[in-house]
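Only one structure is covered here, and it is reproduced in the block below.
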Amino acid sequence: GNSVTQMEGPVTLSEEAFLTINCTYTATGYPSLFWYVQYPGEGLQLLLKATKADDKGSNKGFEATYRKETTSFHLEKGSVQVSDSAVYFCALGLSGNTPLVFGKGTRLSVIA
Amino acid sequence: EAQVTQNPRYLITVTGKKLTVTCSQNMNHEYMSWYRQDPGLGLRQIYYSMNVEVTDKGDVPEGYKVSRKEKRNFPLILESPSPNQTSLYFCASSPRPGGGYNEQFFGPGTRLTVL
């Protein structure tokens with residue numbers, strides 16, 4: 001079946017530290033890959049996406065590259081800020097009626 | 001402003017008392033969906049709708065009903081809520097069917113507690 005595994009949190013970093021949140025997937029077919037972010041008290045919002053192998057998604061200083069050979073889509077940011085504190089979800093999507101498949105989320109806390 | 005709205009945002013109720021959580025989107029999206037979010041389990045899809053009058057079960061539909069009489073609205077109905085339905089609920093919409101490939105826009109969430 002289709003599944004997403006992401007590193008468990010919480011992750012606590014100091015401001016300006018480097019961030020990596022690992023995400024690997026299993027899918028039948030060729031999925032699109034997404035990172036969603038959930039700020040405290042809010043719904044999820046799309047952070048970035050990649051639709052095919054070797055694509056790099058980027059937004060707000062975050063990046064993730066679609067690696068088909070390792071079935072991974074790790075999220076990275078070179079210098080985190082306190083405002084990046086949130087829960088991050090990796091997800092995959094396939095065509096047709098199949099719903100998005102989400103990982104369990106990784107809570108990030110950035111301290112000043 | 002393009003958005004998905006949900007009401008209420010917070011609800012405390014008792015076992016067996018029917019309730020409805022409303023969801024509305026103003027983006028003319030065809031695809032709408034309900035999720036529940038539970039600690040350690042991530043998001044799980046309850047029901048989805050490809051278009052008006054077309055609904056289908058997601059991964060965890062037991063105890064829930066939905067309807068899609070208008071394109072913009074997709075209410076979630078709990079006919080007889082039970083404590084195991086205590087959760088954080090999200091409505092989402094997407095421009096086209098095939099929800100998996102297309103970005104989904106999420107509402108702010110409804111925190112439901114069933115006593």
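The values are calculated or read from the model by the stated rules, or taken from the named source; none is laboratory data. Please read these numbers as outputs of a predicted model, since none were measured by experiment. Note that each Cβ is placed from the backbone with ideal geometry, even for glycine, and that neighbours are counted across all protein chains shown.
If you scan region A:55-66, which residues turn out to be among the small types (Gly, Ala, Ser) and either at negative phi or within 11 Å of chain B (Cβ to nearest Cβ) (or both)? Don't jump to the end; show me each part of the working.
Within region A:55-66, the first condition is being among the small types (Gly, Ala, Ser), and the residues that meet it are A:57-58, A:61, A:64.
Of everything in region A:55-66, those that are among the small types (Gly, Ala, Ser) and either at negative phi or within 11 Å of chain B (Cβ to nearest Cβ) (or both) turn out to be A:Gly57, A:Ser58, A:Ala64.
Picking from residues in region B:5-44 that are surrounded by fewer than 16 Cβ atoms within 10 Å (Cβ to Cβ) and basic (Lys, Arg), the one that is nearest to the chain's Cα centre (by Cα) is B:Arg9. Screening A:Val101, A:Val4, A:Val82, A:Val37 for residues that are touching a residue at least 40 places away in the same chain (Cβ under 8 Å) and farther than 25 Å from B:Tyr31 by Cα leaves exactly one candidate, A:Val82. Annotation for region A:84-94: at least one member residue is farther than 20 Å from B:Ser94 by Cβ, away from every other protein chain (no Cβ under 13 Å) and either buried (at least 20 other Cβ atoms within 10 Å of the Cβ) or modelled with pLDDT under 95 (or both). Of the residues making up region B:24-65, those that are in a strand (DSSP E or B) and within 11 Å of chain A (Cβ to nearest Cβ) number 18. Of the residues making up region A:95-111, just one is facing chain B (nearest Cβ under 7 Å) and of a type in the set (D, E, K, R), namely A:Lys104. Test each condition in (1) within 12 Å of the chain's Cα centre (by Cα); (2) within 14 Å of chain A (Cβ to nearest Cβ); (3) small (Gly, Ala, Ser) for B:Ala2 and report the one that comes out false. B:Ala2 satisfies every listed condition except (1). Candidates are the residues of region B:66-111 that are assigned to a strand (DSSP E or B) and of a type outside the set (A, V, I, L, M, F, W, C); the one that is farthest from the other protein chains (Cβ to nearest Cβ) is B:Asn73. Only one of the listed residues (A:Gly57, A:Gly29) is in a loop (DSSP other than H, G, I, E, B) and not charged (D, E, K, R). That residue is A:Gly29. Looking across region A:21-54 at every residue that is among the β-branched types (Val, Ile, Thr) and more than 11 Å from chain B (Cβ to nearest Cβ), the one that is farthest from A:Leu108 (Cα to Cα) is identified as A:Thr28.
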